[in-house]
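Visitor: Please see the structure below; I have some questions.
Bear in mind these aren't lab numbers, they're just calculated from the coordinates by the rules spelled out. No experiment lies behind these values; they were computed from the predicted model shown. Please note: Cβ atoms are built from the backbone with ideal geometry, for glycine as well, and neighbour counts cover all protein chains shown.
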Amino acid sequence: MRRKSSKTGFTLVELLVVIGIIALLISILLPSLSKARAMATRTKCLSNLRQFGNAFTMYLNDSKLWVGFSNWDGGALAYNNAKVGWLYEDPIPNPVPEDRVETGAYWTYLKNRDVYRCPTHVKGEAGAFGSANTDRLTSYLMNGAVNGYGQGDGKGGITFYKLNQFHQDDFLMWEADERGGAAWNDGSSFPAESFNPSDPQAGGLSARHGKTASILCFDGHAEWIDHKSYYNLAVQNVRNQIYCKPDSTNGR
């Protein structure tokens, strides 16, 4: 006797059930994948500042604990004792080529352009912010307190300080989101907190990671700070972690 073979397949109902189950699994997994991706970029951003902390420490060892030049606006054009800052060597061209970071004082210790930018920092943002020179180079800015916010030394130069004139938990750098007329014109900033694009003095923390951003302290450690805590420091009229100019009673 010849065996009769029969071929069976999925019915339409069964296929719809399988597709529904797959869709349900995807809807469950996608938020987890998005959170994992966001956590990975946060980790990379914080790691960048930790590497800057290492570069800062090595720079201090080579400079006999002088903190160095923050690339405060003017540089070689305004100060006779400042040319090579942490981010680049003055003067800075406009538009600035991305390899300009290789002229900066920290490049010797880092040798990696990726460290200068948060993975979520879209380079196309630059056109929306002021002069946007250094937005093409970095996601981070140095506290202008390092050079007294442009304070002159009385000899045609800018003021420099030693490490022991700052507190260990003072903020050296932060992931910035400058807005306004002079935004991203150099490698440093006032630590004012504002997200008003029409305010020429607007600056402060990035919102790329939601309500927190990464900061680097003078002792070389990096951490997260929420915008509210940063804002509370920014509006105080006393010397604190962000307004920490050494020879000023209110840090400004």
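Visitor: Could you give the length gained by full extension between Asp153 and His167, i.e. 0.36 nm per residue of separation minus their alpha carbon distance, to one decimal place?
Guide: Here the answer is 2.9 nm.
Visitor: What nm value, rounded to one decimal, do you get for the distance between Lys111 and Gln236 when each label is placed 7 Å out toward the C-beta?
Guide: It works out to 4.1 nm between the two label points.
Visitor: Distance check, please: which entries in Lys83/Lys155; Lys64/Lys162; Lys64/Lys155; Lys44/Lys162 exceed 19 angstrom between their Cα atoms?
Guide: Violating the 19 Å Cα-Cα cut-off are Lys64/Lys155; Lys44/Lys162.
Visitor: Still on this structure, please answer the following. How big is the charge dipole of the range 40-234 about its Cα centre, in debye rounded to the nearest 20, if each Lys and Arg gets +1 on its Cβ and each Asp and Glu gets -1 on its Cβ? Before the final figure, lay out the partial values.
Guide: Values: 17 positive and 22 negative charges, 61 e Å.
Around 300 debye, computed over the range 40-234.
Visitor: By count of other Cβ within 10 Å, fewest leading, how are Glu175, Glu102, Glu89 ordered?
Guide: Glu102, Glu89, Glu175
Visitor: Here's a follow-up. From the Cα gyration tensor of the range 42-137, with a ≥ b ≥ c the square roots of its eigenvalues, which class applies: rounded if a/c is under 1.5, or else prolate if a/b is larger than b/c, or else oblate?
Guide: It comes out oblate by the Cα gyration axes.
Visitor: By the scheme Lys and Arg +1, Asp and Glu -1, what is the net charge of all other residues having a beta-carbon under 15 Å from that of Lys245?
Guide: Local net charge: 0.
Visitor: What FRET efficiency comes out for Glu98 versus Leu24 if R0 is 45 angstrom and r is the Cβ-Cβ distance? Round to the nearest 0.05. List each step's numbers first, then the result.
Guide: Working: r = 44 Å, r/R0 = 0.99.
Efficiency at R0 = 45 Å is approximately 0.50.
Visitor: Test of understanding: what is the full-extension gain from Asn81 to Val13, defined as 0.36 nm times their sequence separation minus their Cα-Cα distance? Show your work: numbers first, answer last.
Guide: Details: separation 68, 0.36 × 68 = 24.48 nm, distance 7.88 nm.
Gain on stretching Asn81 to Val13: 16.6 nm.
Visitor: Thr108: net charge of surrounding residues, Cβ under 11 Å, Lys/Arg +1, Asp/Glu -1, itself excluded?
Guide: With Lys, Arg at +1 and Asp, Glu at -1, the neighbours total -1.
Visitor: Work out, step by step, the length gained on full extension between Ser248 and Lys228: first 0.36 nm times the residue separation, then minus their alpha carbon distance; give nm to one decimal.
Guide: 4.7 nm
Visitor: Report the local net charge at Ser214: Lys and Arg +1, Asp and Glu -1, summed over other residues whose C-beta lies under 14 Å from its C-beta.
Guide: Value of the local net charge: +2.
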